[in-house]
Structure formats: C-alpha cells, structure tokens
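The structure under discussion appears below in the form of structure tokens.
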Amino acid sequence: MTSVSIREVAPRDGLQNEDPVPTDAKVRLIDALSGTGVRRIEAVSFVHPRAIPQMADADEVWARVDRRPGIRYSALIPNTRGAQRALAAGFREIEVVVSASDTHNRRNLNRSTDESLDDIAGLIPLIHQAGATVEVIVATSFGCPFEGDIDPGRVASIVGRVRADGADRIAFGDTTGMATPRRVRDLLSAVRPDLLHFHNTRGTGLANILTALELGVTEFDASVGGIGGCPYAPGASGNVATEEVVHMLHDMGIDTGIDLDRLIRTAEMAEKLLGRTLPSGVLRAGPRTRLV
C-alpha cells in the first residue's frame, strides 16, 4: 500500500459537537483545510436547526467557502428536505446515516433502523436523478452505548440492503470509540466498507486504522485537532485527529497528499477558534518530534 485517502470531517462532524461557532470561523476553517492538500472535506450538514443548532448556518457557510478545484466537498443530510437543500446548494456528494443499533437510531433520528432504511431507499433515486452520489454511513457499527455489542451480521444485513437499493458508497462509523483491533477484524471479516470513521474515546483510534490498513481499507475519516463526537451518544469524545493519522502514515511511507506542517497550523487555528486545548498528541509534542 502506497497511498491513503483521508476525508476531513472537522467542519461538520467536529463542529456539531461544540458550542455554536460563528459563521466566519467555520468558513475560515474550511478554507484553511482546503489549503493543506486534503482532497475530501465534509463541509456541512443540512439538518433542522432545532436538532443541531450548530449547523443552522449551513447554507451561508457553503455560499462563502472558497471552493478549490480538485477537492471533493460533501454534505450530510437526514431526510428528503435535507437532500433537497444540499442538492440546491450544489453538493454532488451526499451522505446519509443510519445506525446499526435501533436504540441509537431512535435517539439520533427519532425512528427505527428499518424506518430509516426505508427512507434511504426513497432518497437514493432522488439524489441520483440530480447527478449526485449517495454514501450511507452505518453508525454504531462497532458497538452501541445503549445496546452494547453489535452483531457483524446485522451490519452486513444493512449493507446488503442499501447496496441493493443503489447506494454508491458505504462507511462504518465507530460512534463512541468502542472499536478495537479485534472488533475491526471481526466486522471486516463479515463485510467491507469503502471508508472507516473512528473515534478515539478509548485511545484505540490509530490502532484501529492500522488494523484496517492491514485488511486493505485505504479510506478514512479524521478530524483536525481531534474535535468532534456525537451529541446523541453518551461518552463519545473526539474523532481521531487528522494530524496524528497523517503523522503515522507518512512515517510508514504511505502518501496522503497532505502537507503535515500546514495541517498542524490549521489545528492550532482550530484551537484558537474554539478557545480550548484540543486532544491532538501531535500538537502537544512540539516541532522537534514532528515529521514534516
């Protein structure tokens, strides 16, 4: 393996778990990330402001972003109205989420997993007709804070359903950081995603990525500074930090196309925007130990 693709998710997944950030700051963060060499950015989500007030300005943020050629920007949507808004704004990569855990799905989307799958089946042709692609993110794939272990067979069944319905891509989400290398091997032995999204709640994020790499997965989500979590999952701390992932991969001789030094400066900017210390170990290590 010589290269890995990283999707930066801080502007959406990261910021939706923080106190509301001003629109100017969101635009600055996305524009700074666009200058790091990252080729995929999850920019916003089109959700009702009562559900996720942190994303209430999604239309304005997207209208003001300096969209760079060669970068694929995506948006998360919860339903038909969200899809319509995302498509009208010009997005051509749409993400929709369903939880493998029925309890988490009800907490997150106020409906059962099966009801969400029915909704997704109706959304896929609508999005395809607009010339866009659909990525289905299966949340709580590695475990649920309410239900505990998730049977890999249940995840495989969900994947089979959405692929049959026409989904273009599949991602697995480690919603509360319950994944371990053993769980990664167990799940990926049953079914393969296109992309993996790990949290670092229990400190296993990088180990999980390394395990997935050994199993042939080459696409991962990460969040600059390690910001993020899940507002509907107790105990869900930050995503795996992009700069930690890039640092590890570059040291292994694996190309990401990302300028680590610029990424670190963007993480430092994110700390200032949020007004708090971020969990990234690379930021704490100092310049002598950075690989740039």
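The values are calculated or read from the model by the stated rules, or taken from the named source; none is laboratory data. Note that the structure is predicted; figures quoted are calculated from it, not measured. Quick reminder, even Gly has a Cβ in these numbers, built from the backbone with ideal geometry, and neighbours come from all protein chains shown. Please note that ligands, DNA and RNA were not included when accessible areas were found on the heavy atoms of the full protein model with its side chains. Shrake-Rupley method; radii C 1.70, N 1.55, O 1.52, S 1.80 Å.
Accessible area per residue for the range 19-88, computed on protein heavy atoms with a 1.4 Å probe, is 44 Å². Among residues other than Asp102 with Cβ under 15 Å from its Cβ, the summed charge is -2 (Lys and Arg +1, Asp and Glu -1).
Specify the residue with the greatest mean-square fluctuation among Arg39, Arg64, Arg276, computed from a Gaussian network of the chain linking alpha-carbon atoms under 10 Å apart. Looking only at Arg39, Arg64, Arg276, the largest GNM fluctuation is found for Arg276.
The label point for Asp19 and the one for Asp186, both projected 7 Å from the Cα toward the Cβ, are 4.0 nm apart.
Normalised by the residues of the range 126-250, what does the relative contact order come to in percent, with Cα pairs under 8 Å and at least six apart? Reported relative contact order: 22 percent. Measuring nothing but how far apart in sequence close Cα pairs (under 8 Å, 6+ apart) lie, relative to its length, the range 186-278 scores a relative contact order of 25 percent. Roughly to the nearest percent, how much of the accessible area of the chain is carbon and sulfur, given a 1.4 Å probe? Answer for the chain: carbon and sulfur cover 47 percent of the accessible area. Labels on offer are [x] 19.3; [y] 13.4; [z] 16.0, and the one holding mean projected area of the Cα convex hull in nm² computed from this structure is [y].
Remark on Glu93: its backbone amide H falls under 5 Å from those of Ala75, Thr133, a criterion applied only to residues 5 or more positions apart or on other chains, H modelled at 1.01 Å from N. Springs between alpha-carbon pairs under 10 angstrom, Gaussian network model over the chain: which of Arg182, Arg265, Arg12 fluctuates most? Among Arg182, Arg265, Arg12, the largest mean-square fluctuation in the Gaussian network model of the chain belongs to Arg182. Let's test the formula: R0 of 22 Å, r as the Cβ-Cβ distance of Ala207 and Phe146. What FRET efficiency results, to the nearest 0.05? The value I calculate is 0.35.
Taking 7 Å steps out from each Cα toward its Cβ at His250 and Arg92 produces label points 3.1 nm apart.
Stretching Gln129 away from Arg64 to a fully extended chain increases their span by 20.8 nm, per 0.36 nm per residue minus the current alpha-carbon distance.
Distance between the modelled labels on Arg50 and Asp259, one decimal in nanometres: 4.5 nm (7 Å Cα→Cβ projection).
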